[in-house]
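One structure below.
None of the figures in this text is laboratory data; all of them are computed from the coordinates on show. Bear in mind that the values here come from a model prediction, so they are computed numbers and not experimental data. Quick reminder, even Gly has a Cβ in these numbers, built from the backbone with ideal geometry, and neighbours come from all protein chains shown.
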Amino acid sequence: MCTEEHYWSTINQLNDTTVKNLRAKITRETGISHMPLAAASPAFIHPSSFPVDPFHLLFKNIVAFIWDLWTIHSSQSEPIHLSTQKAEMFGKLVASGISTLPPSFCGPVRDPLLKRQSQYKIYEWMALLYWYIITIGIELGMNSSVLQNFSHFMAIFEFAMTIKARSTEDLTNLHQLIKVFLTDFERIYVGIHPEKISRTIGEIGHKIRSKKAPFANLANLIYEKEVMKALLSYYPELQTELGSKKMALFFPRFQSENFFIHIQAILSWEKRSFDPNIPVTRWGKMHVSKKNVLNTQISELHGHPPSRSHRYFEGNDANLVPIFGEAIAFYEIEGLEGNTQQFVVYHPLVDVHCTLNVWRGKWAKDIKVLPISSIVDIVGIWCYNSRVYVLRKHPGLEWLTEEELEKQKEGTQVED
């Protein structure tokens, strides 16, 4: 494992020699070619300067760098290499997964192999990191050590981007996880060949020379956007209310077999006998949070189906294993004491287990009932054969603006 002492010793050796061949020999043996400008500048040192926006560093730099290591800057003999055939399949599976990625999460996620050089967005790199690399990598048979190391990387990012109070023990555990990640990363990506450390050295390849709008004022626009982002972090009440009022689509009481099956399931859950005259209201979508709308089968399959489904959710009933399901319909039923109770009838995900920090399972054929109050949030899914992977909304998405996420507007549904 490389150490900071070894790094600075090598930098001093490079600075003390002007012989080109000797410098090349030092770089070949250590993997260190020069000291990056950022490391030499006090402007980069916290807290004198620290990026308000961490996304460029974490996603557009690091995740993109790892993707390039897999697909471009590695040979077929290395365990990290992703063959052209697998990379093409990976890209197709990413692009095809858009139909079950809720539009409230982000915009479309494109094929990284085809669109890597076409301004791949921050949220797209985030989607690869948090939703697709592990899930699709498992199905494509990517190297297990590489995926295990990447799962540590994903867990570190999730911890860092989640806004919540942390204990000293939490930070100690994070520190240990980072050490495990870095040690394994060096073992897998560098091994006994230190020259691989400098297999890619980033540099500015081009500059914006146009003086036409918006490039002439690009620096000011970026500066103003970052100032607004920082201001909203301190004063969230300044945020414009973008959410709409609660939507409830009420449907006529269809006397169908499925309707009675749903009512029977709800009454069985409540341990009540079946009553065909019980007051019941059914509807097809609802807000589970200020910005997220959960659809159901009856709302998405009624009329024109949406191009992107958001009828999958995560629930909680005090078990260690979370509940994941596909919402079929929402019901409101009058209780024994005259009060009303609200439920969701859903298809559950069964055999649920966590693999490399990703939840997966398979769909059950039966239906279950859950109080609406137990719904935590909407989720996306990615399916391969009979296996279903759960795509939770990354906490970092809350830091990005609607423009940066390229969200699609929710279509309005006409009351039936």
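In table form, for the structure just shown:
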| item | result |
| --- | --- |
| Cross-link pairs beyond the 26 Å C-alpha cut-off, checked among K86/K179; K20/K60; K60/K86 | K86/K179; K20/K60 |
| Neighbour-count order for R187, R308, R360, fewest beta carbons within 10 angstrom listed first | R187, R308, R360 |
| Nonlocal amide H pairs with W359, under 5 Å, H built at 1.01 Å | V390 |
| Euclidean distance of C-alpha centroids, the stretch 363-381 and the stretch 298-350, integer Å | 5 Å |
| Ranked list, fewest to most other Cβ atoms within 10 Å of each Cβ, for K291, K20 | K20, K291 |
